[in-house]
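The values are calculated or read from the model by the stated rules, or taken from the named source; none is laboratory data. A quick note: this is a predicted structure, and the numbers were derived from the prediction, not measured. Cβ placement follows ideal geometry from the backbone for every residue including glycine, while neighbour counts extend to all protein chains displayed.
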Amino acid sequence: MTFNSYQFFIFLPLVLLFYFIIPGKWRTAWLLLVSYLFYFRFHPKYVFVLLAVTAVSYAAGLRMEKTTEESRASREEGLAEGGGKRRMEEAARKKRIALWTGVGISLAVLVIFKYTDFILENINGVLGLAGREPVSLPFSLVMPVGISYFTFQIISYLSDIYYGKASAEKNFLVYALYVSFFPKIISGPIERAEDFLVQIRDCRNWKLWDGGRVRDGLVLMMWGYFEKLVIADRLAILTEKVFGDYASYGSVELFIAAAAFYIQLYTDFDGCINMARGMAKVMGFTLAENFNAPFFAKNIRDYWSRWHISLSLWLRDYIYIPLGGNRRGTFCKYRNLLLTFLVSGIWHGAAWNYVFWGLLHGIYEVLGLAAAPFIEKINNKLHTRTQTFSYRLMQTVKCWLLVCFAYIFFKVPTAADGLRYLKRMLTKWNPWALFDGSLYTLGISEKYFHFLIWAVILLLLVDWLKYKKHMEIDEWLGTQCIWFRFAAMLGCIMAVIIFGAYGPAYEAGNFIYFQF
């Protein structure tokens, strides 16, 4: 049951109806129940996996909280002599055991379900070179939806308790809802405990009905459906056709397909996030912002501060900084960056093309930092006006092209396919394809092709509002007159109905980031 399925259009109104009418003390239990029902619709048996890792991490958090209290009591008794110091050391040891038990079990579940096939594939490759028989599992594993997201949430929760940045949640229902809240469990954002747990605790006391908040939430949801159904799912037709047979096309089609996939990926993921944030907002919850106009980024570092923000911040706080960050010299800084982007690539998928994609972004970042002093010297020597529109545009286009090329490896099945795709795109020139109607043979008719161009322009305008005015579409529409708001919403709804990807052969396509 995805956000764009017919079943969900029945599920969500029923959830909201009961959420608004039941007594406040039952809201947490109700949301937890419907969140597990929602998850049950994907893989019924994996509800027990979700419940198990939730229970283990909950117990680990309580255990760390208890040892912290024991350590504090020992400190108050005095450390100089006697049992106080020994009790502190014992409490610290128990705390480490609780941390690594909770984190280890959560990571083990993630590795088993997500990376077993990848590990076996590489083991069999080595065995094949040695002339040995391949090994295989006597059963098949299907990766639980959203496992990467809720695993990272659990790790951040336990780490924050260990380092004293957060307290363990005593109420199991509250903690279980933090892990499984249905708007965010399948595609994020990756919420921090200190931001979201307090909202769950307080929701029982909220005055729920707020016309402006509900309106803004519905606007966010509708914009998300526009991004997904009108732009992403239509572009998916083109990208599947070209990437599926890239050896048959020339530079123009291959470049357009690469650019289309970048836009498709963004509108698919941002559309899902806007739906999640919108429905959460209707209920009174605030989910973290996950995108901030990434198409306007000036460089790779700026890009990753705007793209998948919750993951970027997680990687910074729980991978890059613990590795040493930039505190131990330039070499260690570059090494830590590459390792962090390597983890990002592995997180996205159990395949070498994702590893290559992650490392490529790391190389972009390292080269950009290393070249920055030389570029600054050249600009100073040539008296380049770096604050002008033209220079900023050049920087944005450069970043856009680098990211676009990197996402070729995100789309193709292997890194070798990515290299072949790039080689053909850079060598098989066919500029006449822009004028002979070839573009309308890529799975999208001329009418839809032209409409998509206007839809992407609208997307850029909405992102420009966020980039320049720091306003999301729901905030901006809220400042306009009621007639304009009504016309804009009606136009968005009509565009989804008329130009959305439907029909007998259409399936409610999973969002791309569901698989991660």
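Scan segment 143-166 for residues that are part of a helix (DSSP H, G or I) and among the aliphatic types (A, V, I, L, M) and the total you get is 5.
Within segment 180-205, track down each residue that is closer than 20 Å to residue 35 by Cα and more than 19 Å from the chain's Cα centre (by Cα). Those that are closer than 20 Å to residue 35 by Cα and more than 19 Å from the chain's Cα centre (by Cα): 197, 198, 199, 200, 201, 202, 203, 204. Screening residue 114 against (1) of a type in the set (D, E, K, R); (2) assigned to a helix (DSSP H, G or I); (3) surrounded by fewer than 16 Cβ atoms within 10 Å (Cβ to Cβ) leaves a single unmet condition, (3).
If you go through segment 324-337 and pick out every residue that is of a type in the set (S, T, N, Q), part of a helix (DSSP H, G or I) and surrounded by 14 or more Cβ atoms within 10 Å (Cβ to Cβ), you end up with 1.
Taking the listed residues 433, 455, 370, the one that is under 30 Å from residue 332 (Cα atoms) and surrounded by 11 or more Cβ atoms within 10 Å (Cβ to Cβ) is 370, with no other qualifying. Once segment 420-468 is narrowed to residues that are in contact with a helix residue (DSSP H, G or I) (Cβ under 8 Å, 6 or more places away or on another chain) and among the β-branched types (Val, Ile, Thr), the residue that is farthest from residue 229 (Cα to Cα) is 427. Filtering segment 13-32 for residues that are within 25 Å of the chain's Cα centre (by Cα), closer than 27 Å to residue 148 by Cβ and exposed (fewer than 15 other Cβ atoms within 10 Å of the Cβ) leaves an empty set.
Per the listing 346, 321, 375, the residue uniquely surrounded by fewer than 20 Cβ atoms within 10 Å (Cβ to Cβ), under 19 Å from the mean Cα position of the chain (by Cα) and either in the same structural domain as residue 297 (by TED's automatic domain parsing) or outside any helix (DSSP H, G or I) (or both) is 346. Considering segment 279-299, the residues that are among the small types (Gly, Ala, Ser) and within 30 Å of residue 27 (Cβ to Cβ) include one that is nearest to the chain's Cα centre (by Cα), namely 288.
A residue that is surrounded by fewer than 19 Cβ atoms within 10 Å (Cβ to Cβ), closer than 26 Å to residue 455 by Cβ and touching a residue at least 60 places away in the same chain (Cβ under 8 Å) can be found somewhere in segment 239-247.
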